[in-house]
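The values are calculated or read from the model by the stated rules, or taken from the named source; none is laboratory data. These figures come from a predicted structure and were not determined experimentally. Counting neighbours? That spans all protein chains shown, and the Cβs are built from the backbone with ideal geometry, glycine included.
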Amino acid sequence: MSEHINKKKKRNKDKTWILILVLTTIILSISMSSVSSVITQNTNLVTAIMIVISIIIIGIIFDIIGIAVAVADETPFHAMASSKVKAAKYAIRLVRNSNKVATFCNDVIGDVCSVISGSTSAFIVVKLAVVFKYVDIFIIGVIVSALVAGLTVFGKGLGKSYAISKSNNIVYKVALFEYHILRKFDIIGMILKRRKKCCGR
């Protein structure tokens, strides 16, 4: 009976997590697409190209993080935590939640960046068509799409090798960043205060 309840709870948690991912993807896609579209429309060709490259780089960075967390070894971080090394506990948490972290980084952020880089490159095609008036816009579109796809695949290919070879180092750097952000804004403290107020403590 208890096993059935545990399975049911796990299924509910999985459904909740999937729903969160879907909503996060939609919100990020809308917000990032809107911002990149507005910026690209009101900038010159060079700036538009730099925006697309920046979006591709963001996707590559998150892809590296997702892979690194998935293959990292938890053991060294326990030794670091026992020695009270900063952010070691955050690194352990990242590795223990590697499935969720990898899904968010690789699937959510990665896919959103791919979609946005594709849509933003459409503005570049239009701008290039104005510059190269005698070239068919279809040919320009094919070339731009091929370059964006090639740059993305090339970057992620290099990033994957780096993520696998330096996984623990990458995870610790991400954990250290998370550690400083949480301490700076005291997110955990705010959550605990809200819980105390809710519980009337």
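If we scan segment 77-90, do we find a residue that is in a helix (DSSP H, G or I), over 27 Å from Y172 (Cα atoms) and either under 17 Å from the mean Cα position of the chain (by Cα) or in contact (Cβ under 8 Å) with a residue 40 or more places away in the chain (or both)? Among the residues of segment 77-90, not one is in a helix (DSSP H, G or I), over 27 Å from Y172 (Cα atoms) and either under 17 Å from the mean Cα position of the chain (by Cα) or in contact (Cβ under 8 Å) with a residue 40 or more places away in the chain (or both), which makes the answer no. Which residues, counting only those in segment 138-178, are farther than 30 Å from E74 by Cα, surrounded by 13 or more Cβ atoms within 10 Å (Cβ to Cβ) and aliphatic (A, V, I, L, M)? Of everything in segment 138-178, those that are farther than 30 Å from E74 by Cα, surrounded by 13 or more Cβ atoms within 10 Å (Cβ to Cβ) and aliphatic (A, V, I, L, M) turn out to be I140, I143, V144, L147, V148, A149, L151. State which residue is surrounded by the fewest Cβ atoms within 10 Å (Cβ to Cβ) when the search covers only segment 69-90 and only residues that are more than 19 Å from T103 (Cβ to Cβ) and β-branched (V, I, T). Taking the candidates together, the pick is T75. Being within 23 Å of G150 (Cα to Cα), without any contact (Cβ under 8 Å) to a residue 24 or more places away in the chain, of a type in the set (A, V, I, L, M) and part of a helix (DSSP H, G or I) is a property that does not hold for V108. Picking from residues in segment 126-165 that are out of contact with any helix residue (DSSP H, G or I) (no Cβ under 7 Å at 6 or more places or on another chain) and in a loop (DSSP other than H, G, I, E, B), the one that is modelled with the highest pLDDT is D136. V115 - would you say it is in a helix (DSSP H, G or I), aliphatic (A, V, I, L, M) and surrounded by 19 or more Cβ atoms within 10 Å (Cβ to Cβ)? Judged against the criteria, V115 is not a match.
Taking segment 8-66 as the range and being surrounded by 14 or more Cβ atoms within 10 Å (Cβ to Cβ), modelled with pLDDT under 75 and among the polar types (S, T, N, Q) as the test, the residues that pass are S33, S36, S37, T40. Residues that are among the acidic types (D, E), loosely packed, with under 14 Cβ neighbours inside 10 Å, more than 26 Å from S29 (Cβ to Cβ) and modelled with pLDDT of 85 or more: does segment 179-197 have at least one? For segment 179-197, residues among the acidic types (D, E), loosely packed, with under 14 Cβ neighbours inside 10 Å, more than 26 Å from S29 (Cβ to Cβ) and modelled with pLDDT of 85 or more: absent. For segment 94-105, taking the residues that are crowded, with 16+ Cβ neighbours inside 10 Å and free of Cβ contacts under 8 Å to residues at least 60 places away in the same chain, the one that is farthest from A70 (Cα to Cα) is identified as C105.
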